[in-house]
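Only one structure is covered here, and it is reproduced in the block below.
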Amino acid sequence: MAYNPGMIQPKRKQPAAPEIETDLLRIQQLSQEHDDENWEFRSWLKQNAPDNIDGIVKALSQKYFSLIDCTQCANCCRSLQTEFKKSELHAIAKTLGQSMEAFEKQFMSEGVVNPPCPMLDGKLCSIYENRPEVCRSYPHLEQPAFTTRLMGVIDNVAICPIAFNAFEELKTRLRWLQGRRDQQP
């Protein structure tokens, strides 16, 4: 059939935009509401995760990193105690113009840096390009052996919009909730 400019073109379906939750209070509330569910999912994953779970989670992580700007959040920097490598601690102390002893006394307890991170300036890391490895990899979704780190992941779901959205989508992708509903009496 030849193109006729007067013909009405069929409407094309627009891809649905993913529903993304970025409100930190809502994420915390939903994480509390889903706590039992998240622990059940963790147990299920330990036994039933597909062989390519690390790849699936990495893809979800990359998806949400492309959709959510960490520099607009910084909740991890404001709320987590963090353990840095000694070399990183020395670099941070030096950046702040402090001795290691003064830094430890002011910002640390029991070997971890207390929140908020002393390098946080508003919602931005003042040493972003040289931030410690643990900060670069947070919320640690792209590290191997996902199913061995699920306790930490569940903790991060309540803190990080990327972790929250990726974990919720993972449940859907693996059709976990659907299977649970089908099995209920």
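The values are calculated or read from the model by the stated rules, or taken from the named source; none is laboratory data. Everything numeric in this text was worked out from a predicted model, so none of it was measured. Reconstructed Cβ throughout: ideal geometry from the backbone, glycine too, with neighbour counts over all protein chains shown. We work out accessible area using only protein heavy atoms, side chains counted, and drop any ligands, DNA or RNA first. Shrake-Rupley method; radii C 1.70, N 1.55, O 1.52, S 1.80 Å.
Here are a few things to note about the model shown:
- Working value for the stretch 67-138: equivalent-ellipsoid semi-axes of 20, 12, 11 Å, each the square root of 5 times a Cα gyration tensor eigenvalue, largest first.
- Accessible surface, the stretch 63-105, averaged per residue in Å² (probe 1.4 Å): 63 Å²
- Arg42-Thr147 pseudo-label distance in nm [points 7 Å out on the Cα-to-Cβ vector]: 1.6 nm
- Extension gain for Gln72 to Leu124 (0.36 nm times residue separation, less C-alpha to C-alpha distance): 17.9 nm.
- On the chain, 50 percent of the accessible area sits on carbon and sulfur atoms, based on a 1.4 Å probe.
- Extension gain (nm, one decimal) between Lys85 and Gln29, 0.36 nm per residue minus Cα-Cα: 16.9 nm
- Zone residues, the stretch 40-62, relative to Ile20, backbone N less than 19 Å from point 7 Å out along Cα-to-Cβ: 57-62
- Equivalent ellipsoid, the stretch 77-185 (semi-axes from 5 times Cα gyration tensor eigenvalues, Å): 36, 13, 12
- Within the shell of other residues whose beta carbon sits under 11 angstrom from the beta carbon of Phe164, the net charge comes to -3, with Lys and Arg scored +1 and Asp and Glu -1.
- Residue pairs, from the table Lys63/Lys123; Lys85/Lys105; Lys94/Lys123; Lys63/Lys171; Lys46/Lys86, whose Cα atoms sit over 26 Å apart: Lys46/Lys86
- Value of Rg/Rh across the stretch 11-110 [Cα atoms, Kirkwood radius]: 1.10
- When shorter helices are ignored and each DSSP H run of at least 4 residues is given -39500 (n - 2.57), the per-residue value for the chain at 222 nm works out to -15000 deg cm²/dmol.
- Translational D in µm²/s for the chain (Stokes-Einstein at 20 °C, 1.002 mPa s, Kirkwood Rh from C-alpha pairs): 113 µm²/s
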